[in-house]
1. So, in segment 46-59, exactly how many residues are surrounded by fewer than 21 Cβ atoms within 10 Å (Cβ to Cβ) and touching a helix residue (DSSP H, G or I) at 6+ places or on another chain (Cβ under 7 Å)?
2. Pull up segment 3-19, narrow it to residues that are under 18 Å from the mean Cα position of the chain (by Cα) and more than 15 Å from residue 99 (Cβ to Cβ), then point me to the one that is modelled with the lowest pLDDT.
3. Out of the residues in segment 132-168 that are within 25 Å of the chain's Cα centre (by Cα) and not in a loop (DSSP other than H, G, I, E, B), state the one that is farthest from residue 116 (Cα to Cα).
4. What number goes with the only condition from (1) in contact (Cβ under 8 Å) with a residue 12 or more places away in the chain; (2) under 14 Å from the mean Cα position of the chain (by Cα); (3) exposed (fewer than 15 other Cβ atoms within 10 Å of the Cβ) that residue 32 does not pass?
5. Just name the residue that is farthest from residue 46 (Cα to Cα) out of those in segment 56-90 that are in contact with a strand residue (DSSP E or B) (Cβ under 8 Å, 6 or more places away or on another chain) and in a loop (DSSP other than H, G, I, E, B).
6. Conditions first: (1) crowded, with 18+ Cβ neighbours inside 10 Å; (2) assigned to a strand (DSSP E or B). Residue 42 passes all but one, so which condition is the exception?
7. Does residue 93 count as under 22 Å from residue 45 (Cβ atoms) and more than 18 Å from the chain's Cα centre (by Cα)?
8. Under the condition of being over 13 Å from the mean Cα position of the chain (by Cα) and in a helix (DSSP H, G or I), which residue from segment 96-115 is nearest to residue 3 (Cα to Cα)?
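The values are calculated or read from the model by the stated rules, or taken from the named source; none is laboratory data. No experiment lies behind these values; they were computed from the predicted model shown. Please note: Cβ atoms are built from the backbone with ideal geometry, for glycine as well, and neighbour counts cover all protein chains shown.
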């Protein structure tokens, strides 16, 4: 039996660092429009939701996206992402959830489809977007993917994978 797959994008319009960043123009549309367009093209997604406290967002998303009004307390500057995600999954039942963010407008639907198919076909229990960096990486003052006394060629170094927060 095919699992139920729901994609959702939590959005708040009162961004602290850049007010209404999700509504700022990027080409012909608002920033937020692009991730929804990609999600709507993914074959195995049953429904795509925007999870926002402000109905103004409905004017900025493509046709086919469902609006789910969230509690305004979730717009607070101290609210953690997990609290927002938990609130959504308590309201919408699904077997598989895809969480995406508007700040990754260039993710292709094929990328999401590929990750989702790996989860649906039980190759992995979860998936997320990353950026592969084939470079010398450090953390807390120490190299993390090579030894200082054995510096490899760049093409031989173990890559580091960095979360992009594009989708989970």
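1. Result for segment 46-59: 1.
2. Pass one, segment 3-19, residues under 18 Å from the mean Cα position of the chain (by Cα): 5-13, 15.
Subset that is more than 15 Å from residue 99 (Cβ to Cβ): 13, 15.
Values: 13: 88, 15: 80.
It comes out as 15.
3. Only one residue tops the list, namely 139.
4. Only one criterion in (1) in contact (Cβ under 8 Å) with a residue 12 or more places away in the chain; (2) under 14 Å from the mean Cα position of the chain (by Cα); (3) exposed (fewer than 15 other Cβ atoms within 10 Å of the Cβ) is unmet by residue 32, namely (3).
5. That would be 70.
6. (2)
7. Values: under 22 Å from residue 45 (Cβ atoms): yes; more than 18 Å from the chain's Cα centre (by Cα): yes.
The answer is yes for residue 93.
8. Let us first name the residues in segment 96-115 that are over 13 Å from the mean Cα position of the chain (by Cα), namely 96, 110, 113-114.
Pick out the ones that are also in a helix (DSSP H, G or I) and you get 110, 113-114.
On the way: 110: 19, 113: 14, 114: 16 Å.
This residue is 113.
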